[in-house]
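One structure, pasted below without further comment.
The values are calculated or read from the model by the stated rules, or taken from the named source; none is laboratory data. All of these numbers come straight from a predicted model, not from anything done at the bench. Cβ atoms come from the backbone with ideal geometry, glycine included; neighbour counts cover every protein chain shown. SASA here: full protein model, heavy atoms, side chains in, ligands and nucleic acids out. Shrake-Rupley method; radii C 1.70, N 1.55, O 1.52, S 1.80 Å.
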Amino acid sequence: MTAKQPNISLPLKLTFLVFSMVLNCMGIVILQLSEQKITYDKLGFLESFKDLPIAIFSLFAVNFISRFGTKKSLIFALVLVGTCSLFLPFVEVFWFFKLWFAIIGTCFAIGKICVYGIIRNNMTEEKSLAKTMNSVEASFMIGIFTVNTGFGWLISSQFGEYWKFGFMSISLISFFTVYLFSKIKIAEPENKSTRIFPDLSGFGKTTFILFFAVSFFIIFIEQSFNSWLPAFYKDHLKVNSFFALQASSFLALFSYTGRTITSKIIQRFPLSKYFMICVMMIIFLLVIISGIQFYFSENAKILLFLFPIIGLFLAPLYPVINSKMIAKIEKDKINAFTSLIVSVSSISSSINSISISILFKNQMLTYYSLYILGAVIMVSVLAYSYFKLSSNKI
C-alpha cells in the first residue's frame with residue numbers, strides 16, 4: 001500500500017473533506033444562531049466545545065489507534081460523525097450544538113492522527129511528503145468551499161428554515177467513505193502501544209517548541225477567516241447572509257488553488273524560502289486591507305474581493321511546515337507527534353475564537369485585519385527562527 005495509489009488516496013481525501021465540512025460549518029452556525037439572539041460571547045465559547053475535546057482526546061487517541069488499528073479507528077470516527085450529523089436537524093436546543101461539536105472534535109483527533117500516520121509511513125523524502133500532504137489537505141479547502149456554498153444557497157432559498165438538513169449530505173459522504181475504507185487493505189504499524197499517554201520524550205527541544213509556536217499562529221490565522229469572516233462581512237460590510245457565505249467560500253477556493261499549486265511545484269523550491277515568500281505576501285495584502293479600512297472606508301466593499309486572495313498564500317503554510325518536520329520524525333513516533341500538532345491546533349483555535357468574539361461584541365471590527373496581521377508577523381518571526389535553527393538539526 002502506498003499513499004499515492006488511487007484506492008487509498010480517495011478515502012483519505014474524503015476523510016479530510018468530511019472533517020473540513022463539519023469543523024468549518026462554525027461560520028454558518030454563528031450566522032444562523034446569532035439571528036436567534038444568541039450573543040457573540042456565547043458563540044465564541046461554542047468553538048471551545050469543539051477544540052478542547054480535540055486537545056484533550058488527541059493525547060489518548062494514540063493509544064486508542066494502537067489498540068484498534070488505523071482502519072478501524074478511522075471507520076469508527078467517520079461512523080460517529082455521520083450518525084451525529086444525521087440526527088442534528090431534528091434537535092432544536094442550543095446545548096446539542098455543544099455536544100455535537102465536542103463529538104466532532106473527538107473524532108477529528110482520531111481522524112487526523114490516522115491520516116498523517118498513513119502518509120508518513122509511506123513517504124520518506126521531504127518534498128514528496130510535502131507534495132502528498134498538500135494534495136490531501138487541498139480537499140480540506142474544498143470542504144470549506146462546499147459547506148459555505150451549499151449552505152449559502154440553502155439558507156437563501158425558500159427552504160432556508162430547514163438549513164440544518166444540509167448536514168444530512170455530510171452524513172452520506174461519511175458513510176460512503178466508510179464503505180471505501182471497508183473495501184481496501186491498509187498496512188498497520190507493527191508496534192502496539194499499551195501506554196495511556198503517548199511517549200512525548202524528545203519533543204521539548206527548541207526546534208520543536210518553535211515548530212509548535214509557528215503551527216499555533218498559523219491555525220490562529222486560519223480560524224480568524226474560516227469561522228468569523230462571514231460574520232465580519234455581514235456585520236461590518238452590511239451584506240446579507242447568502243452573499244457573506246458565498247464571498248467567504250471564495251477564500252476556500254483560493255486556498256484550494258494555493259495548496260494544489262503548491263503540491264505541483266513544491267519540489268522545485270526550498271521549503272523554507274517558499275514558506276517565507278507566502279508569509280510576506282500575506283503581510284502585503286493585510287497592510288493594503290488595513291489601509292482601506294482606516295483611510296478609504298467608503299471603498300470597504302472591495303475587501304470582499306481582497307480577503308479571499310489571502311487564501312492563495314495562507315493555505316500552503318500549514319502543510320509545508322508540517323511536512324518539513326514530519327519527514328524527520330521517526331515512524332514509531334509519528335502518531336504521538338501528530339497528537340501534539342492536533343492539541344496545539346485546537347488550543348489555538350479555541351483561544352482565537354474567544355478573543356475575536358470580543359472584537360465582535362464590542363463592535364471593534366475596524367481592527368479585524370490588524371488583529372490578523374499581528375498573528376502573521378508572529379509567524380514570520382517564529383518561522384525565520386525555526387528554519388534557521390532547523391537547517392542543521394532537522
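Under unit Cβ charges (Lys, Arg +1; Asp, Glu -1), what dipole magnitude, rounded to 20 debye, does region 261-346 have relative to its Cα centre?
Rounded to the nearest 20 debye, it is 340 debye.
Test of understanding: given the chain, find the longest segment containing no GluC sites (Glu not before Pro) that are in a DSSP loop and have at most 16 other Cβ atoms within 10 Å.
191-329
In addition: Taking the alpha-carbon set of region 241-293, what are its Rg and Dmax in Å?
So, for region 241-293, Rg and Dmax equal 14.1, 41 Å respectively.
Sum -39500 (n - 2.57) across every DSSP H segment of at least 4 residues in the chain, then divide by the residue count to get the 222 nm mean residue ellipticity, nearest 500.
-26000 deg cm²/dmol
Continuing with this model, one more query. What FRET efficiency would be calculated for the residue pair residue 184, residue 86, taking the C-beta separation as r and a Förster radius of 25 Å, to the nearest 0.05?
Computed FRET efficiency for residue 184 and residue 86: 0.55.
With the other protein chains left in place, how much accessible area per residue, in square angstrom, belongs to the chain at a 1.4 angstrom probe?
Values: 16110 Å² over 394 residues.
Averaged over the residues of the chain, the accessible area is 41 Å².
Still on this structure, I have one more. When the accessible area of region 298-364 is computed with all protein chains present and a 1.4 Å probe, what percentage of it is carbon and sulfur?
On region 298-364, the fraction of accessible area on carbon and sulfur atoms equals 63 percent.
With the dipole of the chain worked out from charges on the C-beta (+1 for Lys and Arg, -1 for Asp and Glu) around the Cα centre, which of 351, 16, 302 lies farthest toward the positive end?
16
Same structure, new question: How far apart, in nm, are the 7 Å Cα→Cβ label points at residue 377 and residue 95?
4.4 nm
Considering only 214, 248, 94, whose Cα is most displaced toward the positive end of the charge dipole of the chain, charges sitting on Cβ of Lys, Arg (+1) and Asp, Glu (-1)?
The Cα lying farthest towards the positive end belongs to 214.
Return a whole-number percent for the relative contact order of the chain, with Cα pairs under 8 Å and 6 or more residues apart as the contact set.
The value is 30 percent.
What is the extension gain from residue 238 to residue 257, computed as 0.36 nm multiplied by their sequence separation minus the C-alpha to C-alpha distance, in nm to one decimal?
Between residue 238 and residue 257, full extension yields an extra 4.1 nm.
Still on this structure, I have one more. Kirkwood hydrodynamic radius (Cα pairs, Å) of region 302-354? Don't skip to the answer; put the middle values down first.
On the way: mean 1/r = 0.0752 Å⁻¹.
Computed over region 302-354, the radius equals 13.3 Å.
Distance cut-off 24 Å, Cα to Cα: go down the list 50/183; 13/183; 50/324 and report the pairs above it.
50/183; 50/324
Another question about this same structure. What percent of all Cα-Cα pairs in region 255-324 falls into each 5 Å bin, going from 0 up to the bin containing the maximum distance?
Spelled out per bin, shortest first, that is 3, 16, 25, 21, 13, 10, 7, 4, 1.
Using C-alpha positions alone, give me the convex hull volume of the chain per residue in cubic angstrom. Can you show the working numbers first?
Details: hull volume 48.6 nm³, N = 394.
With only Cα atoms used, the chain gives 123 Å³ per residue.
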